[in-house]
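The values are calculated or read from the model by the stated rules, or taken from the named source; none is laboratory data. Quick caveat, the model's predicted, so the values are computed rather than measured. Don't worry about glycine lacking a Cβ; one is built from the backbone with ideal geometry, like all the others, and counts go over all protein chains shown. The accessibility values were calculated without ligands, DNA or RNA, using every heavy atom of the protein model including side chains. Shrake-Rupley method; radii C 1.70, N 1.55, O 1.52, S 1.80 Å.
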Amino acid sequence: MLICAVVITLMRNLFAGAILLSIYSLLASTFFMTMDAVDVAFTEAAVGAGISTILVLATLLHVGHDTKPAKTLRVLPLLVTVFVAGLLIYGLHDMPGFGQANNPVHTHPIAEYYIENSESDTKSPNMVTAILASYRGYDTLGEVTVVFTAGIGVLLLLGGRRKNNKRKADPKIS
Amino acid sequence: MNHHIVLRVVAKLLIPSILLFALYTQFHGDYGPGGGFQAGVIYTAAFILHTLVFGLENTKKIISPTLVQVLSAVGVILYASVGFASIFLGGNFLEYGALIPSALPHAANPGGQHLGILLVELGVGITVSSVILSIFYNFAAEDDSDIEADGIPNEKGKHE
């Protein structure tokens, strides 16, 4: 996975980059799979490796496959990147250790409640579905609305562009 | 892409099974991995495969962009109306226990919970699937000056 990520940043050909991103997502989904997060792995494989690759390729069709070679080394963006990366790595030290028994995830009483009661409460053996659709139904309603809004946003941006093109094109014809 | 007979045959074999798998993911989400979001994405993947092989215009004949836009709203409305239905049946917003009348208190009525989760996941699936398809339609659309003028899709669309 790390090799894949590094190669993506070095890649000048955007087409190969898109395919590598897809492979990266697929590797990530196998990674989630080994962590027993089946639902997340499912989503990563379908969305990350499948749909977003298609969307990126469809975009490449419009903008071309190659990046312009960078001529000068720009200092400010480099500094910002290094600074943010440093902050993130510094923040890592505050994260609880991986797989420790006394992590907040394991000690918070709500996790125990879900594990013990989700099946009898909702008759749904898949705890993830029970939590997403029932215990956190408000949350999921909000998420669906966000997805819907995103769809409307794309329609407004891209659909509007094409109508404008048509309007511009019409006077030329007449 | 009409000359690629292998691609067309394989696509015709694959598309129904992808759709079937999406429906399985949708309605089996309570029992195994999956749910509305994943099912919606897989369902759309079948239509995208159809677009790649048979061209954008043919897919738009099967499921028109207008229908896709209407469906993306239908999903959200279905989700929200489950919430309102449970209010009218005497529970709180999105309290699925109220959906099926029973002597038990709402919180202890798994049958209603089950129906509620099923409907809500269906709403999620419909919205996700149609939003992604409408985004894809917009991304894949060629410059309309070519299509609108003579009604013939240009070469780009066929090779996508």
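Each row is one residue, and each column tells you yes or no for (1) part of a loop (DSSP other than H, G, I, E, B); (2) more than 7 Å from chain B (Cβ to nearest Cβ); (3) closer than 30 Å to B:N138 by Cα; (4) within 21 Å of the chain's Cα centre (by Cα).
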{"residue": "A:L79", "(1), (2), (3), (4)": "no, yes, no, no"}
{"residue": "A:Q100", "(1), (2), (3), (4)": "yes, yes, no, no"}
{"residue": "A:Y114", "(1), (2), (3), (4)": "no, yes, no, no"}
{"residue": "A:V144", "(1), (2), (3), (4)": "no, no, yes, yes"}
A:D121 meets each of (1) open to solvent by 30 Å² or more (accessible area, probe 1.4 Å); (2) in contact (Cβ under 8 Å) with a residue 12 or more places away in the chain; (3) touching a helix residue (DSSP H, G or I) at 6+ places or on another chain (Cβ under 6 Å); (4) facing chain B (nearest Cβ under 10 Å) with one exception, condition (3)
From the residues in segment A:51-66 that are of a type in the set (A, V, I, L, M) and over 15 Å from A:L21 (Cα atoms), which one is most open to solvent (accessible area, probe 1.4 Å)?
A:V63
Checking B:A73 against (1) at pLDDT below 85; (2) not in a loop (DSSP other than H, G, I, E, B), the condition it does not meet
(1)
Does B:G32 satisfy the condition of being facing chain A (nearest Cβ under 10 Å), farther than 20 Å from B:I126 by Cβ, assigned to a helix (DSSP H, G or I) and modelled with pLDDT under 85?
no
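Considering every residue within segment A:116-129, establish whether at least one is among the charged types (D, E, K, R) and on the phi > 0 side of the Ramachandran plot.
Initially, segment A:116-129 is screened for residues among the charged types (D, E, K, R), giving A:116, A:119, A:121, A:123.
From what is left, the residues that are on the phi > 0 side of the Ramachandran plot are A:123.
Yes, segment A:116-129 has at least one match.
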Determine the pairs where a residue that is small (G, A, S), located within segment A:46-65, has a partner that is open to solvent by 50 Å² or more (accessible area, probe 1.4 Å) with Cβ atoms under 7 Å apart, the partner being 6 or more residues away or on another chain.
A:A49/A:L26; A:A58/B:F139
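Within segment B:61-80, track down each residue that is open to solvent by less than 50 Å² (accessible area, probe 1.4 Å) and more than 11 Å from chain A (Cβ to nearest Cβ). Show your work before the answer.
So in segment B:61-80, the residues open to solvent by less than 50 Å² (accessible area, probe 1.4 Å) come out as B:63-65, B:68, B:72-73, B:75-76, B:78-80.
Answer for segment B:61-80, where residues must be open to solvent by less than 50 Å² (accessible area, probe 1.4 Å) and more than 11 Å from chain A (Cβ to nearest Cβ): B:I63, B:S64.
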Restrict the check to segment A:146-156 and report whether at least one residue is at the interface with chain B (Cβ under 8 Å from one of its Cβ atoms), among the hydrophobic types (A, V, I, L, M, F, W, C), farther than 20 Å from B:A80 by Cβ and not in a loop (DSSP other than H, G, I, E, B).
yes
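Within the bounds of segment A:29-43, is there any residue that is more than 30 Å from A:M127 (Cα to Cα), free of Cβ contacts under 8 Å to residues at least 24 places away in the same chain and open to solvent by less than 80 Å² (accessible area, probe 1.4 Å)? Let's see the steps before the verdict.
So in segment A:29-43, the residues more than 30 Å from A:M127 (Cα to Cα) come out as none.
No, there is no match, as no residue in segment A:29-43 is more than 30 Å from A:M127 (Cα to Cα), free of Cβ contacts under 8 Å to residues at least 24 places away in the same chain and open to solvent by less than 80 Å² (accessible area, probe 1.4 Å).
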